[in-house]
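Have a look at the structure below before the remarks.
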Amino acid sequence: MKLYVVPTPIGNLKDITFRAIETLKKVDLILAEDTRTSKVLLNHYEITTPLWSYHQHNEHRVLEKLVQEMVSGKSIALISDAGTPGISDPGFLLVRECIKNHIAVECLPGATAFVPALVDSGFPINRFVFEGFLPLKKGRQTLLNKLKTEERAIVFYESPHRICKTLLELQNYFEEGRKICVCRELSKKFEEIVRGEIKEVALHFEKNAPKGEFVVIIQGLE
């Protein structure tokens, strides 16, 4: 009995390890955040393992059943739509419950969007702080006030319909001249990396309709 946490490509289907493919083929069951999205990847690599839906809206409800399946001897792989499960995606609850029930957990190394974005930024990244998705309302102002004095590089995710508003908002909290790097559609056909001062990058996306998923890196306070 074991839970495998398996990273999947953030865009380019070739960005998956041989070990990940091997694991997904040998387990008894794969848990996927969105089965429709995951079937594209699984079909591409001819993986026919049974697929169950596991996402933020049902993870509490199915948790006990999944633990029972593993206690009975089954091995399960957890994947998300893209990247490493548990990083701004469902996964934490299942991993914690497995540990409580003495079920082995093995997380494979693999794709995570914020790592290539950090490297692409050109900022010092020997230390950084990862914020996932910023709060939409409660705690947002408090967090931004705290981050404006952060000396480490700051990295977070943002959606296409909020990126312009967020970039304009950052200008109210960070001093003029603060550098930023915004990465869009990493590893995909229309990958785009925009670097510059916050106001410059904000202007770019005001003029160019934002599409895809975004990773934002703000240079730490020097």
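Just so it is clear, none of the values below were taken in a lab; they were calculated from the coordinates. Computed from a predicted model, the values in this text were never measured in an experiment. Every residue, glycine among them, receives a Cβ derived from its backbone with ideal geometry; neighbour counts consider all protein chains shown.
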- Along segment 156-164, what does the Karplus equation 6.51 cos²θ - 1.76 cosθ + 1.60 (θ = phi - 60°) give for ³J(HN,Hα), rounded to whole Hz, x for Gly and Pro? 8, 9, 8, 8, x, 7, 10, 4, 5
- When the Cα centres of segment 125-143 and segment 150-214 are compared, how far apart do they sit, in Å? 14
- Expected max-MSF residue from S159, S53, S72 in the GNM of the chain (alpha carbon, under 10 Å) is S72
- Please work out the Cα convex hull volume for segment 64-214 and give it in Å³ per residue. 148
- Query: segment 1-59: which trypsin sites (Lys or Arg not before Pro) are DSSP loop and have at most 10 other beta-carbon atoms within 10 angstrom?
  - Reply: K14
- Please arrange I30, I47 by counting, for each residue, the other beta carbons lying within 10 Å of its beta carbon, fewest first. I47, I30
- Anyone know which of P90, P109, P50 comes out most mobile in the 10 Å Cα GNM of the chain? P50
- Quotient of C-alpha Rg and 2.2 N^0.38 Å, computed over segment 2-107: 0.97
- Message: Please report the antiparallel percentage of the DSSP beta bridges confined to segment 2-107, to the nearest 5.
- Response: 5
- segment 61-78 - phi-based ³J(HN,Hα) in whole Hz, Karplus 6.51/-1.76/1.60, Gly and Pro as x: 5, 9, 4, 4, 4, 5, 4, 4, 4, 6, 4, 6, x, 7, 9, 10, 10, 10
- Query: Using a Gaussian network model of the chain with C-alpha springs under 10 Å, which one of T23, T84, T37 is most mobile by mean-square fluctuation?
  - Reply: T37
- Item | Mean ellipticity per residue at 222 nm, deg cm²/dmol - from DSSP H runs of n ≥ 4 across the chain, formula -39500 (n - 2.57) | -9500 deg cm²/dmol
- Item | Set K39/K138; K138/K211; K39/K74 screened for pairs whose C-alpha atoms are more than 29 Å apart | K39/K138
